[in-house]
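Please treat every number below as a calculation from the coordinates, not as lab data. Bear in mind that the values here come from a model prediction, so they are computed numbers and not experimental data. Methodologically, a virtual Cβ is constructed for each residue, glycine included, from the backbone with ideal geometry; neighbour enumeration extends over all protein chains shown.
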Amino acid sequence: MNNFEFCNPVKVVFGKGTIARLSALIPANSKVLMVYGGGSIKKNGVYTQVIDALKGFSVYEFSGIEANPHYETCMKAVNLVRTENIDFLLAVGGGSVIDATKFIASASYYEGEPWDILAKGGVIKQALPLGVVLTLSATGSEMNERAVISRIETREKLNFASPLIFPKFAVLDPEVTYSLPPRQVANGVVDSFIHVIEQYLTYPVNAKVQDYFAEGLMETIVEEGRKVLQNPDDYDIRANLMWAATNALNCWIGQGVPQDWSSHRMGYALTAQFGLDHAQTLAVILPGVMTYMCKEKQAKILRMGEVVFGVTEGTTEERVRKSIQACEDFFLYMGLKTRLSEYGIKESDLDLLVEPMKRMGWKLGEHGNIDYEVARKILAMRL
Ligand code: NZQ
Ligand code: ZN
């Protein structure tokens with residue numbers, strides 16, 4: 001196991017009826033800006049629950065955060081924060097709303113051009129405190145210090161991280177996920193599964209706690225994921241998926257182990273250029289990364305295949321192939337596509353997709369050996 005130093009300070013409030021706890025979680029007398037998306041919270045009762053819980057606070061609202069949140073929209077919220085002297089941000093939504101809120105929290109105090117936080121690794125020295133009411137379990141953003149923002153003007157999607165953007169608390173009520181459309185449920189299952197893979201499926205460093213924890217999460221996500229679309233109102237399935245997704249990216253399983261994240265980073269351009277949902281990009285790319293890197297990742301592929309998908313028969317090569325196929329079959333079972341051509345993406349589009357990697361000089365993967373040329377080969381395997 002490698003050395004590590006880590007603190008995750010997010011207070012989790014989990015279970016039915018927990019939105020009512022908000023008034024005790026937000027500091028008294030705060031001027032709160034409630035940040036939300038395109039209106040799902042007004043249809044499923046979450047908006048009313050939040051407003052009821054915030055009686056006694058001075059509450060402002062900023063709505064219209066898009067899926068894959070736009071920098072341009074976030075900057076409008078930054079103006080509101082500055083003019084109204086907001087002192088607490090409350091994100092009510094999925095990963096996009098939470099990430100947007102993290103960016104608003106950082107940009108509100110940033111001296112200089114806030115896009116530099118994403119494009120140039122601009123250091124965040126101060127951020128507004130924020131809290132989360134989660135409505136979609138997928139990204140783990142509710143319990144981590146990361147965010148991903150897109151700039152429409154330049155068709156870029158980039159990430160940033162800072163310990164200052166850990167939420168102060170995350171309210172996780174699985175019942176609010178009943179209203180999710182099947183596509184978002186499936187996206188959440190696949191995204192959270194691949195978060196585990198990005199931290200687990202590298203090479204062994206004899207980190208038993210992290211490996212067993214990761215395997216337990218993958219088993220949970222596959223077991224419950226296979227049931228959820230047929231049983232959308234089952235509380236236990238929703239609760240297990242929600243808690244698994246949070247743990248898949250609250251960064252505990254990634255401590256002391258090598259991490260990959262190449263599928264994630266390669267996927268940004270697919271969203272920025274072709275509008276694919278985040279999880280849709282991953283379901284296409286991950287089988288390519290596993291296949292291309294099957295020698296480097298062999299030990300972990302075999303172990304994942306056996307523990308999660310019961311692959312035990314055949315030669316080493318056969319078991320590696322079957323294990324990769326089992327992952328892809330799971331994504332297909334959840335209703336996601338796994339080929340670029342199914343989204344109308346062609347060989348002639350590949351240069352555009354790897355252009356940001358070339359420009360920024362990214363070298364991805366646990367060995368840092370996936371540059372834009374290798375990425376192009378991996379994408380070509382997924383046409
Ligand atoms: O905007 P509204 O109307 O609320 O609708 C949303 C949105 O259209 C809807 N939705 C959310 N909760 C709902 C609901 N509809 C009905 N009932 C509910 N309870 O779902 C749609 C998708 O929401 P979004 O927040 O975009 O989805 P997700 O949580 O998958 O977030 C995706 C974003 O997170 C980033 C992705 O790149 C993408 O931008 N990620 C963030 C990470 C992080 N911060 O750690 C890590 C991830 O790997 C990921 O990159
Ligand atoms: Zn993800």
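Quick check on the exposure proxy: order HIS195, HIS70 from fewest to most C-beta atoms within 10 angstrom.
Least crowded to most crowded, the residues run HIS70, HIS195.
For a Förster distance of 35 Å, can you work out the FRET efficiency between the beta-carbons of TYR178 and GLU219, rounded to the nearest 0.05? Numbers along the way, then the final one.
Details: r = 24 Å, r/R0 = 0.68.
It comes out at approximately 0.90.
Let me have the 222 nm mean residue ellipticity of the chain computed from DSSP H runs of 4+ only, each contributing -39500 (n - 2.57), with the sum over all residues rounded to the nearest 500.
Values: 15 runs with 181 residues, N = 383.
My calculation for the chain gives -14500 deg cm²/dmol from helical runs alone.
For region 11-176, state what percent of all Cα-Cα pairs lands in each successive 10 Å bin, counting from 0 Å until the bin that includes the largest distance.
Taking every Cα pair in region 11-176, the percentages come to 11, 44, 35, 9, 0.
Taking the Cα centroid of region 177-210 and of region 242-272, what is the distance between the two, rounded to the nearest whole Å?
Cα centroid of region 177-210 versus Cα centroid of region 242-272: 8 Å apart.
Calculate one ³J(HN,Hα) per residue across region 156-171 by plugging θ = phi - 60° into the Karplus curve 6.51 cos²θ - 1.76 cosθ + 1.60, and present them in order as whole Hz with x for glycine and proline.
10, 10, 9, 10, 8, 8, 6, x, 6, 9, 4, x, 6, 8, 9, 8
Determine which lysines satisfy two conditions relative to LYS322: a Cα distance under 29 Å, and not lying fewer than 8 residues away in the same chain.
LYS208, LYS227, LYS295, LYS297, LYS300, LYS337, LYS346, LYS363, LYS377
Kindly express, to the nearest 10 degrees and within the range 0 to 90, the angle between helix 278-292's C-alpha long axis and the longest C-alpha principal axis of the chain.
Once rounded, one gets 30 degrees.
Once phi is turned into ³J(HN,Hα) by the Karplus curve 6.51 cos²θ - 1.76 cosθ + 1.60 with θ = phi - 60°, what whole-Hz value does each residue of region 186-201 show in order, with x for glycine and proline?
Those phi angles translate into 4, 4, x, 5, 5, 4, 5, 4, 6, 4, 5, 4, 4, 9, 9, 8 Hz.
What is region 139-232 by shape, rounded, prolate or oblate, if you read a ≥ b ≥ c off the alpha carbon gyration tensor as root eigenvalues and call it rounded for a/c under 1.5, prolate for a/b larger than b/c, and oblate otherwise? Before the final figure, lay out each step's value.
Working: a/c = 1.57, a/b = 1.06, b/c = 1.47.
Oblate is the answer for region 139-232, as a/c is 1.5 or above yet b/c matches or exceeds a/b.
Which percent, to the nearest 5, of DSSP beta bridges fully inside region 11-176 are antiparallel? Could the numbers behind the result be given before it?
On the way: 6 of 30 bridges.
Within region 11-176, antiparallel bridges account for around 20 percent of the total.
Near the amide H of LEU90, under 5 Å away, which other amide H atoms are found, from residues 5 or more places off or on another chain, if H is placed in the peptide plane?
The list, which skips near neighbours in sequence, is LEU33, MET34, VAL35, GLY131.
Before anything else, pin down the relative contact order of the chain: Cα pairs under 8 Å, at least 6 apart, normalised by residue count, whole percent. Intermediate values should be presented prior to the final figure.
On the way: 717 pairs, mean separation 57.8, N = 383.
About 15 percent, as a whole number.
Quick one: which residues, 5+ away or cross-chain, put their amide H under 5 Å from the amide H of LEU172? H built at 1.01 Å from N.
It is VAL13, PHE14, GLY15, by chain and number.
Does region 134-192 come out rounded, prolate or oblate, given a ≥ b ≥ c as the square roots of the eigenvalues of its C-alpha gyration tensor, rounded meaning a/c under 1.5 and, failing that, prolate meaning a/b above b/c?
Working: a/c = 2.51, a/b = 1.26, b/c = 1.99.
Oblate.
So which chymotrypsin sites (Phe, Trp or Tyr not before Pro) in region 94-203 are both in a DSSP loop and have at most 16 other Cβ atoms within 10 Å of their Cβ?
Those that pass, being in a loop and sparsely packed, are TYR109, TYR178.
Label region 307-383 by shape, choosing from rounded, prolate and oblate, from the square roots a ≥ b ≥ c of the eigenvalues of the Cα gyration tensor; if a/c is under 1.5 it is rounded, and otherwise prolate applies when a/b is larger than b/c, oblate when it is not.
Values: a/c = 2.67, a/b = 1.56, b/c = 1.71.
Oblate shape, in that a/c is at least 1.5 and b/c is the bigger or equal ratio.
So what's the projected area for the chain, the Cα convex hull averaged over all directions, in nm²?
Numbers: hull surface 71.7 nm².
Its Cα hull, projected and averaged over all orientations, spans 17.9 nm².
Whose amide H sits under 5 Å from the amide H of THR135, counting only residues 5 or more places off or on another chain, with H placed in the peptide plane?
Amide H neighbours of THR135: GLY93, GLY94.
Using a Förster distance of 25 Å, how high is the FRET efficiency between GLU66 and ALA119, based on the Cβ-Cβ distance and rounded to 0.05?
On the way: r = 19 Å, r/R0 = 0.78.
It comes to 0.80.
Hey, fewest Cβ within 10 Å first, where do CYS251, CYS294, CYS74 land in order? Walk me through the numbers before you get to the answer.
Details: CYS251 22, CYS294 15, CYS74 28.
Ascending Cβ contact count within 10 Å gives the list CYS294, CYS251, CYS74.
Counting only C-alpha contacts under 8 Å and six or more residues apart, can you give the relative contact order of region 29-145 as a whole percent? Don't skip to the end; give the middle numbers.
Numbers: 190 pairs, mean separation 33.8, N = 117.
The normalised contact order for region 29-145 reaches 29 percent.
Within straight cross-link reach of LYS11, meaning Cα distance under 18 Å, which lysines are found once same-chain residues fewer than 8 apart are removed?
LYS11 reaches LYS102, LYS168.
Go through region 238-245 residue by residue and turn each phi into a ³J(HN,Hα) via Karplus (6.51, -1.76, 1.60, θ = phi - 60°); whole Hz please, and just put x for glycine and proline.
4, 5, 5, 5, 5, 5, 5, 5
For the chain, give me the percentage of DSSP beta bridges that are antiparallel, rounded to the nearest 5 percent. Write out the running numbers ahead of the final one.
Numbers: 7 of 31 bridges.
In the chain, DSSP labels about 25 percent of beta bridges as antiparallel.
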